[in-house]
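Notes follow once the structure below has been shown.
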Amino acid sequence: MTDCDCNEGCSACDPPPTVWKICPTCKGEGVGYLGNRGFVLTYEDFQEDPDLKQDILDGVYDQPCTHCRGTGKVKMPDVPRMTDAQRARHQADLDHEAECWAEARNLAYMSGDYWS
Ligand SMILES: [Zn+2]
Ligand SMILES: [Zn+2]
């Protein structure tokens, strides 16, 4: 049952299977969210983000992981169990996401925000 009437199948009327995975952001610890840096901080991280060291000292990152909300696990798309249609939509989503990211980076670059 679904309230979607697109008639062509979408993630609303044909939701892809999901599976619980250990949260890749906090490695299942449920704490210490460090954004997309993960847990491996490099010298460049501190150079790029002058506030990073202070944030860590301030305990900004001693908080429940926002990715998994402190549960240590996240629901991920279960690609092997997807039907062909579901997989195609999943791939289209990923492509779209990658495009959006590239576009956002380009815009930031052109407006000079990229290095600030
Ligand atoms: Zn639909
Ligand atoms: Zn997490």
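The single residue among ASP84, ASP51 that is more than 30 Å from GLY9 (Cβ to Cβ), charged (D, E, K, R) and surrounded by fewer than 13 Cβ atoms within 10 Å (Cβ to Cβ) turns out to be ASP51. Counting the residues of the range 1-32 that are away from ligand 1 (no atom under 16 Å from the Cβ) and either in a loop (DSSP other than H, G, I, E, B) or over 20 Å from the mean Cα position of the chain (by Cα) (or both) gives 10. Taking the range 8-33 as the range and being of a type in the set (D, E, K, R) and either at pLDDT 85 or above or touching a Leu at 6+ places or on another chain (Cβ under 7 Å) (or both) as the test, the residues that pass are ASP14, LYS21, LYS27.
The values are calculated or read from the model by the stated rules, or taken from the named source; none is laboratory data. Because the structure is predicted, anything quoted here is derived from the model rather than measured. Backbone-built Cβ (ideal geometry, glycine too); neighbour counts: all protein chains shown.
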